[in-house]
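Take a look at the following structure, please.
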Amino acid sequence: MAPFVIACVEPHLVPIHFIFIRFLNPVIESIKHDVTHTFSALFLSQPNVFTHQRIRFEDDDITLSPAKDIMLAIRNRCQLNSEDWSPKDKSFGNKNAPYAVFNALDSMLKDSLERLKTMRENISSVKIGLQGYTCENNYIEHTATIRFLCLEGKLGAALWLRRKMVQKGILPDVFTHNHIVNGLCKIGLVEKADWLIREMLEFGPPPSCATFNNLIKAYCVVNTVDKALYLFSIMANTGIQPNRITCNILVHALCQKGLLKEAKKMLEDILHDDDDKDVPDLVTSTIFMDNYFKNGETIEALSFWNEMLQKCAKVDVVAYNVLINGFCKSQQTNIAYGIACEMLKKGLLPDAFTYNSLIGALCKEGNTNEACYIFQVMSKMGIMPDQISYKIMIQGLCFKGDIARAKELLRCMLANLMVPKPLIWNLIIGFYGRCRDASNAFFTRDQMLAFGVRPNVFTYNALVLALLKSGNIYDACSLKEEMPLKGLYPDVITYNLLIGAACNLGRVGFALQLHGEMLQRGYEPDLITYTELLKGFCIRGKMKEAEELYAKILKSGLLTDHVPVQILFNMYCKRKDPVVAFNFYQDWLASKGRGYPY
DNA sequence: ATAGGGTTAG
């Protein structure tokens, strides 16, 4: 992908890089060949291994070819991606880009040389493995491979290799197992990780505190804190002492669920006989401070900060970031700014989180000039803006209507070899949609596709909006039909957009047809759907249907804003039914008094 | 060596 992006950004730089590729390619190819052969030899000595296997687990199964994955794992360390090498799109020529591109080329060169080095090392270690075939060498090599496979997310292969080792009577150590547990959790196979820990408890190696922490964290992430707590109790039963990290994982999860009191209680219980319980843990305090800021309780948050300053040996960048973000979120950007300066004076360097918080706050204030300035400062301080920085800036600029600068930043990303996530493209497309500029919306979508970014439901909804705003309901509907062909499905927003547009055109029949289709496909209409339909009935003067629908809304308990009420009220007024309108209004007030939300 | 807190979310 990287060379492809360079090609698009700076076509005139192609020759330099091309020479570079041409120079390295024969070397790379010969080594790739060498690696493949050495590995084939290694694996072919075991007949069943090379055939593609289907590994079946108790509760799930993953189709994979472990040997291939393992070989790829080794080769990936050596691979230079020279495939996508074609200068296609020349529309991104930008005079400011060469420096960035040279930097990128420079780092790619270093990277490639680095890869060549590891490749040589790998080959020699494989050859040692073949000739010597000592157990110790194999053990080190295999556990390293397992770890690498886990980092790559190839857990099927990692588990397979582990099983092979176990079958040969060699048990990988607890660190290797922890990598597998962590890897399984990262790709969402939490149950599988749970199984592995049970396996470890039964057959060894005995799980460590870190093993449990991995799984406890995973259960918290998928919002099954009860399971995490259960695991916590298992831990105690098996004689493994929970540590600070265990506490922090659980405290964090409980706080996020709004169970602050429970979190504090648990902490007290665990730290009951801890000698230095008077010295607060920096991470724990940071979690509490963040939680209080998020609940809008600034004074409590600050009391944690003061305690940290007094009792902790030193505070760190994360603690400062929580403080800065807290003030940013409460729209006290100047204070946040001041704290960032104080942080610098203490010798703590702000990181991407710090800058992103500040930029976000400035954008929210509408101060995009200042935000742009901080954005530049960030780069000068050596912190490269990440996808989030760009997202915040582009969103702020689009909101302000400054599409020129927003697009400039998009170009900047591409020049820095960052491929913008769909969200960022969607912001630009959404802007054009709101401006009724369907042609630029689709042009941006095409650029997105050209950079290999797949549109998502939000992209389609933005495009549907663009078409509807420019009065083209027919094409908007075709777009909805196109979605399943691309593996995407319209959602409630898509339907609401179309239903709303149909109603505005007075085509209530068509709106109802869409509503029916929505129900048929299993989508639950929401308040917006009903509000749009209500509007449609009122526009066509179908008072009976409107009133029936309103009754349905009331009954469903969906009425959480005043819009449907206002639509009906305006209708009664327009129809010169002042008495009806007044009574309706009175009824609504009374229902509010009885505890209805609106 | 592995595990903990902070920035986005249409």
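The values are calculated or read from the model by the stated rules, or taken from the named source; none is laboratory data. From a predicted model like this one, the values you see are computed outputs, not experimental measurements. Note: ideal-geometry Cβ built from the backbone for every residue, glycine included; neighbour counts use all protein chains shown.
Would you point out the residue of the stretch A:484-530, among those that are outside any helix (DSSP H, G or I) and of a type in the set (F, W, Y), that is surrounded by the most Cβ atoms within 10 Å (Cβ to Cβ)?
Restricting to residues being outside any helix (DSSP H, G or I) and of a type in the set (F, W, Y), the top hit is A:Y523.
Out of A:I374, A:I394, A:I403, report the one residue that is touching a residue at least 12 places away in the same chain (Cβ under 8 Å) and either touching a Ser or Thr at 6+ places or on another chain (Cβ under 9 Å) or more than 17 Å from A:N440 (Cα to Cα) (or both).
A:I374
Tally the residues that are outside any loop (DSSP other than H, G, I, E, B) and either near DNA strand B (Cβ under 9 Å from one of its atoms) or of a type in the set (K, R) (or both), restricting the search to the stretch A:223-252.
Selection size over the stretch A:223-252: 9.
So which residues in the stretch A:344-396 are among the hydroxyl-bearing types (S, T, Y), within 12 Å of DNA strand B (Cβ to nearest atom) and within 15 Å of A:L409 (Cα to Cα)?
Hits for the stretch A:344-396 are A:S389, A:Y390.
With respect to A:T298, determine if the residue is touching a residue at least 40 places away in the same chain (Cβ under 8 Å), surrounded by 14 or more Cβ atoms within 10 Å (Cβ to Cβ) and under 26 Å from A:K346 (Cα atoms).
It is false that A:T298 is touching a residue at least 40 places away in the same chain (Cβ under 8 Å), surrounded by 14 or more Cβ atoms within 10 Å (Cβ to Cβ) and under 26 Å from A:K346 (Cα atoms).
Exactly one of (1) near DNA strand B (Cβ under 10 Å from one of its atoms); (2) assigned to a helix (DSSP H, G or I); (3) in contact with a Ser or Thr (Cβ under 8 Å, 6 or more places away or on another chain) is unmet by A:A336. Its number?
For A:A336, the exception is condition (1).
May I pose another question? Scan the stretch A:406-413 and give yes if some residue there is charged (D, E, K, R), at pLDDT 90 or above and more than 25 Å from A:A450 (Cβ to Cβ), otherwise no.
no
Which of the residues spanning the stretch A:149-159 are away from DNA strand B (no atom under 12 Å from the Cβ) and either assigned to a helix (DSSP H, G or I) or hydrophobic (A, V, I, L, M, F, W, C) (or both)?
A:L149, A:L155, A:G156, A:A157, A:A158, A:L159
Related question: Among the residues of the stretch A:309-323, is there at least one that is within 9 Å of DNA strand B (Cβ to nearest atom) and among the hydroxyl-bearing types (S, T, Y)?
Yes, there is a match, as at least one residue in the stretch A:309-323 is within 9 Å of DNA strand B (Cβ to nearest atom) and among the hydroxyl-bearing types (S, T, Y).
Does A:I428 satisfy the condition of being of a type in the set (A, V, I, L, M), within 11 Å of DNA strand B (Cβ to nearest atom) and in a helix (DSSP H, G or I)?
Yes; evaluated as a whole, the condition is true for this residue.
How many residues are without any contact (Cβ under 8 Å) to a residue 40 or more places away in the chain and within 16 Å of DNA strand B (Cβ to nearest atom) if we restrict to the stretch A:448-480?
18
If A:N306 passes every condition in (1) surrounded by 13 or more Cβ atoms within 10 Å (Cβ to Cβ); (2) more than 13 Å from DNA strand B (Cβ to nearest atom); (3) not aliphatic (A, V, I, L, M) but one, which one does it miss?
(1)
If I ask for residues that are part of a helix (DSSP H, G or I), in contact with a helix residue (DSSP H, G or I) (Cβ under 8 Å, 6 or more places away or on another chain) and of a type in the set (D, E, K, R), which ones from the stretch A:531-545 would you list?
Of everything in the stretch A:531-545, those that are part of a helix (DSSP H, G or I), in contact with a helix residue (DSSP H, G or I) (Cβ under 8 Å, 6 or more places away or on another chain) and of a type in the set (D, E, K, R) turn out to be A:E532, A:K535, A:E545.
Within the stretch A:415-437, which residues are surrounded by fewer than 22 Cβ atoms within 10 Å (Cβ to Cβ), of a type in the set (A, V, I, L, M, F, W, C) and farther than 22 Å from A:N461 by Cβ?
Correct list: A:L417, A:M418.
Regarding A:P490, is this residue in contact with a Ser or Thr (Cβ under 8 Å, 6 or more places away or on another chain) and either of a type outside the set (F, W, Y) or modelled with pLDDT under 85 (or both)?
No, not satisfied.
If you don't mind, there's one more thing I want to ask. Within the stretch A:481-500, how many residues turn out to be among the aliphatic types (A, V, I, L, M) and either touching a strand residue (DSSP E or B) at 6+ places or on another chain (Cβ under 8 Å) or within 15 Å of DNA strand B (Cβ to nearest atom) (or both)?
4
Out of the stretch A:164-174, which residues are loosely packed, with under 14 Cβ neighbours inside 10 Å and either on the phi > 0 side of the Ramachandran plot or near DNA strand B (Cβ under 9 Å from one of its atoms) (or both)?
Selection gives A:G169, A:D173.
Let me ask you something else. Counting just the residues of the stretch A:195-222 that are among the β-branched types (V, I, T) and in a helix (DSSP H, G or I), which one comes out nearest to A:I249 (Cα to Cα)?
Within the stretch A:195-222, the match that is nearest to A:I249 (Cα to Cα) is A:I216.
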